[in-house]
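Novice: Here's a structure for you.
The values are calculated or read from the model by the stated rules, or taken from the named source; none is laboratory data. None of the values given here were measured: they were computed from a predicted structure. Cβ: placed from backbone, ideal geometry, glycine included. Neighbour counts: every protein chain shown. Accessible surface is based on the protein model in full, side chains and every heavy atom, while ligands, DNA and RNA are left aside. Shrake-Rupley method; radii C 1.70, N 1.55, O 1.52, S 1.80 Å.
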Amino acid sequence: MASLQLEVRVLNSPELAAHGVLQAIRASESGNRDVAARGYRDALSARFLHPDSWSNLAALAIALEDPLAARQHATRALQLDRRHADAWTNLGVASWHAGQHREGAQAMSQALQFAPGLAPAALNYALMLRVVGRLAQAHDILAAAVQANPGEWRLHLALAETGRLLERHDVARRHALAALGMVPVTAKQTPSPVAHRSEHHGDLVIQTLIATADAFRDAGLPFHLIGGTLLALYRDGTPFPHDKDIDLGMPFDVDRDAVYQALAGGFTPVLPKDDPRAVASRQWILGFTHQPTGIGVDLLFMHPHGDMVRLNMGWPDHIGTEMPAYGLEMLRWQDRDWPMPSPPERYLEGIYGPGWRKPERHYDTQVSNPSRTQESLPRAVTLGLMRLVEAVRAGQWAKADALGQQILAREDLAEVRRLRARLPKSPMAPV
């Protein structure tokens, strides 16, 4: 069962004796585990009388990775107040981390019965349901929470994501726009996820690319470089340091079962082979993860259509591209010949536009691809909106501004214009 990032609830207990618990929680949040552990030991000798105190102690025990003790503390809070939604939430988190997944989900359900719009409980419950494949129920839980608490932007964003995964694109668009209008723009910025990647991350991308190429060549399957992988190798001579996957094209008539067989050793399908979503999308795309590196492998199958070629990103967005058909030529890299579209400049301009030679830091091809099919453009914009909300959440103003500009170039959305006007004024994020 997957390990989830679940959210606990912390309150300001009226008991003076419980203030040390709050200080220990803050110490844990700042990374000072020793201080947090000392505060927890001190709190164990206190005689708390208020359920908020016991619920907070459960949150502290969760932070210190002691879910069994956390369950005991949350249960004590519920003995004092059976309707304490925050204690139910913390009990649910503790139960899930203790491996008691059914009990964890039931506790979240109880929390929502007593506080229908409680965002942490709804978000936690939805994640629990998603990880066991109950996406439609997760969508319903979030929809009910949004109805009870319509001003909580995180609920709207989560509902947009479940709507997207269920291919309810009108729901995804509506709630992505709602989240965009509510997400707070604060002065505090958090590091981009890229900053946490290893300095050797590029080596992992190279390792994945070579392993995939070797597997296909051993199986006699044709492939060629496309997308960001081609752009990086052709323009920069090395993979992008932030890449989380590689992009390869394959002819439309390649046997999909042969692809699964070629990658049977060391690769895991993103979706199980018999998953209905994989079956519906495999005419266009297959996704794998290279187990030794954790790097993804996106395989797009090129559909010829007269003098054009079509490709599609498959489930859940079905974002399409149509561009002039091309032949292949070789790129010499890493002492190997790598097939790539010919001429590569025409392909890269078709995907990235005439400015492909100049690196653009926050370029999102899902929205900006000049060869994007018109019928899939609204879904591409919706995906861009969700990425824009995430950029604002992380305080990445330059990225948010760039995404906003790219979206507005495709669709004039008042919500995006208002969001850009709220971004901090700086040379990195002109408004």
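Novice: Here is a list: Pro359, Pro344. Which entry is under 17 Å from Asp247 (Cα atoms) and more than 22 Å from the chain's Cα centre (by Cα)?
Specialist: One residue alone meets the criteria, Pro344.
Per-residue answers, yes or no, for (1) in contact with a Lys or Arg (Cβ under 8 Å, 6 or more places away or on another chain); (2) under 20 Å from Ser376 (Cβ atoms):
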| residue | (1), (2) |
| --- | --- |
| Ile295 | yes, no |
| Leu299 | no, yes |
| His305 | no, yes |
| Gly320 | yes, yes |
| Asp337 | no, no |
| Ser342 | no, no |
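Novice: Restricting to the range 266-282, name every residue that is free of Cβ contacts under 8 Å to residues at least 24 places away in the same chain and in contact with a strand residue (DSSP E or B) (Cβ under 6 Å, 6 or more places away or on another chain).
Specialist: Thr268, Pro269
Novice: Has the range 338-349 got at least one residue that is in a loop (DSSP other than H, G, I, E, B) and under 29 Å from Phe288 (Cα atoms)? Talk me through it step by step, then tell me what you get.
Specialist: Step one: of the range 338-349, the residues in a loop (DSSP other than H, G, I, E, B) are 343.
Add one more test, that the residue is under 29 Å from Phe288 (Cα atoms), and what stays is 343.
Yes, the range 338-349 has at least one match.
Novice: Okay, moving on. Ser376: modelled with pLDDT of 95 or more, out of contact with any Leu (no Cβ under 9 Å at 6 or more places or on another chain) and either crowded, with 17+ Cβ neighbours inside 10 Å or of a type outside the set (A, V, I, L, M) (or both), yes or no? Break it down stepwise before answering.
Specialist: Values: modelled with pLDDT of 95 or more: yes; out of contact with any Leu (no Cβ under 9 Å at 6 or more places or on another chain): yes; either crowded, with 17+ Cβ neighbours inside 10 Å or of a type outside the set (A, V, I, L, M) (or both): yes.
So Ser376 passes the test.
Novice: Where residues in the range 1-24 are assigned to a helix (DSSP H, G or I) and not small (Gly, Ala, Ser), which of them is most open to solvent (accessible area, probe 1.4 Å)?
Specialist: Per the criteria, the residue is Leu16.
Novice: If I filter the range 283-304 down to residues being polar (S, T, N, Q) and touching a strand residue (DSSP E or B) at 6+ places or on another chain (Cβ under 9 Å), which single residue comes out as farthest from Pro222 (Cα to Cα)? Spell out the reasoning first.
Specialist: Of the residues in the range 283-304, the ones polar (S, T, N, Q) are 283, 289, 291, 293.
Right, trim to touching a strand residue (DSSP E or B) at 6+ places or on another chain (Cβ under 9 Å) and you get 283, 289, 291.
On the way: Gln283: 16, Thr289: 19, Gln291: 22 Å.
Only one residue tops the list, namely Gln291.
Conditions (1) surrounded by 13 or more Cβ atoms within 10 Å (Cβ to Cβ); (2) closer than 14 Å to Ala215 by Cα; (3) acidic (Asp, Glu), marked per residue:
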site: Leu248; (1), (2), (3): yes, yes, no
site: Pro251; (1), (2), (3): yes, no, no
site: Asp255; (1), (2), (3): no, no, yes
site: Gln261; (1), (2), (3): yes, yes, no
site: Pro269; (1), (2), (3): yes, no, no
site: Lys273; (1), (2), (3): no, no, no
site: Ala278; (1), (2), (3): yes, no, no
site: Ser281; (1), (2), (3): yes, no, no
site: Gly287; (1), (2), (3): yes, no, no
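Novice: Which residues, taken from the range 25-83, are open to solvent by less than 50 Å² (accessible area, probe 1.4 Å) and part of a loop (DSSP other than H, G, I, E, B)? Let's see the steps before the verdict.
Specialist: Just the residues of the range 25-83 that are open to solvent by less than 50 Å² (accessible area, probe 1.4 Å), to begin with: 25, 27-28, 36-37, 39-40, 43, 46, 48, 51-64, 67, 69-70, 73-74, 77-78.
Matches in the range 25-83: Ala46, Phe48, Leu64.
Novice: Now for a different question. For the range 111-133, which residues satisfy the criterion of being over 24 Å from the mean Cα position of the chain (by Cα) and either part of a loop (DSSP other than H, G, I, E, B) or surrounded by fewer than 21 Cβ atoms within 10 Å (Cβ to Cβ) (or both)?
Specialist: Of the range 111-133, the ones over 24 Å from the mean Cα position of the chain (by Cα) are 111-116.
Listed by number, the residues that qualify are Gln113, Phe114, Ala115, Pro116.
Novice: Kindly indicate the residue of the range 398-427 that is touching a residue at least 40 places away in the same chain (Cβ under 8 Å) and part of a loop (DSSP other than H, G, I, E, B) and also surrounded by the most Cβ atoms within 10 Å (Cβ to Cβ) among those meeting that condition.
Specialist: Applying the first criterion (touching a residue at least 40 places away in the same chain (Cβ under 8 Å)) to the range 398-427 yields 399, 402-403, 406-407, 409-410, 413, 415-416, 418-419, 422-424.
The next check asks that each one be part of a loop (DSSP other than H, G, I, E, B); those that pass are 413, 423-424.
Working: Leu413: 17, Leu423: 19, Pro424: 15.
Restricting to residues being touching a residue at least 40 places away in the same chain (Cβ under 8 Å) and part of a loop (DSSP other than H, G, I, E, B), the top hit is Leu423.
Novice: Continuing with the same structure: Only one of Asp243, Asp275 is modelled with pLDDT under 95 and either among the small types (Gly, Ala, Ser) or under 25 Å from Glu345 (Cβ atoms) (or both). Can you tell me which?
Specialist: On the way: Asp275 fails: either among the small types (Gly, Ala, Ser) or under 25 Å from Glu345 (Cβ atoms) (or both).
Being modelled with pLDDT under 95 and either among the small types (Gly, Ala, Ser) or under 25 Å from Glu345 (Cβ atoms) (or both) holds for just one of Asp243, Asp275, which is Asp243.
Novice: Can you say whether Gly355 is surrounded by 19 or more Cβ atoms within 10 Å (Cβ to Cβ), without any contact (Cβ under 8 Å) to a residue 60 or more places away in the chain and closer than 27 Å to Gly404 by Cα, as far as the supplied structure shows?
Specialist: Numbers: surrounded by 19 or more Cβ atoms within 10 Å (Cβ to Cβ): no; without any contact (Cβ under 8 Å) to a residue 60 or more places away in the chain: yes; closer than 27 Å to Gly404 by Cα: yes.
When the stated conditions are applied, Gly355 does not pass them.
Novice: Something else: Just for the range 134-177: of the residues that are over 19 Å from the mean Cα position of the chain (by Cα) and part of a loop (DSSP other than H, G, I, E, B), which one is surrounded by the fewest Cβ atoms within 10 Å (Cβ to Cβ)?
Specialist: Applying the filter and picking the extreme gives Gly151.
Novice: Also, I was wondering about something else. How many of the residues making up the range 178-200 are in a helix (DSSP H, G or I), surrounded by fewer than 19 Cβ atoms within 10 Å (Cβ to Cβ) and either modelled with pLDDT of 95 or more or not small (Gly, Ala, Ser) (or both)?
Specialist: The initial filter retains those residues of the range 178-200 that are in a helix (DSSP H, G or I), namely 178-182, 193-196.
This time we only want the ones that are surrounded by fewer than 19 Cβ atoms within 10 Å (Cβ to Cβ), so: 181-182, 193-196.
Then keep just the ones that are either modelled with pLDDT of 95 or more or not small (Gly, Ala, Ser) (or both); that gives 181-182, 193-194, 196.
Residues in the range 178-200 being in a helix (DSSP H, G or I), surrounded by fewer than 19 Cβ atoms within 10 Å (Cβ to Cβ) and either modelled with pLDDT of 95 or more or not small (Gly, Ala, Ser) (or both): 5 in total.
Novice: State all residues of the range 122-143 that are within 12 Å of Ala160 (Cα to Cα) and among the small types (Gly, Ala, Ser); if no residue qualifies, say none.
Specialist: Listed by number, the residues that qualify are Ala138, Ala143.
Novice: Cβ-Cβ under 8 Å, sequence separation 6+ or interchain: first residue in the range 217-239 and over 16 Å from Gln207 (Cα atoms) and of a type outside the set (Phe, Trp, Tyr), partner open to solvent by 40 Å² or more (accessible area, probe 1.4 Å) and in a loop (DSSP other than H, G, I, E, B). Which pairs?
Specialist: Note: pairs meeting the criteria are Arg235/Arg357; Arg235/Pro359; Asp236/Pro359.
Novice: Next up: Among the residues of the range 301-333 satisfying the criterion of being under 32 Å from the mean Cα position of the chain (by Cα) and on the phi > 0 side of the Ramachandran plot, which is least open to solvent (accessible area, probe 1.4 Å)?
Specialist: Gly314
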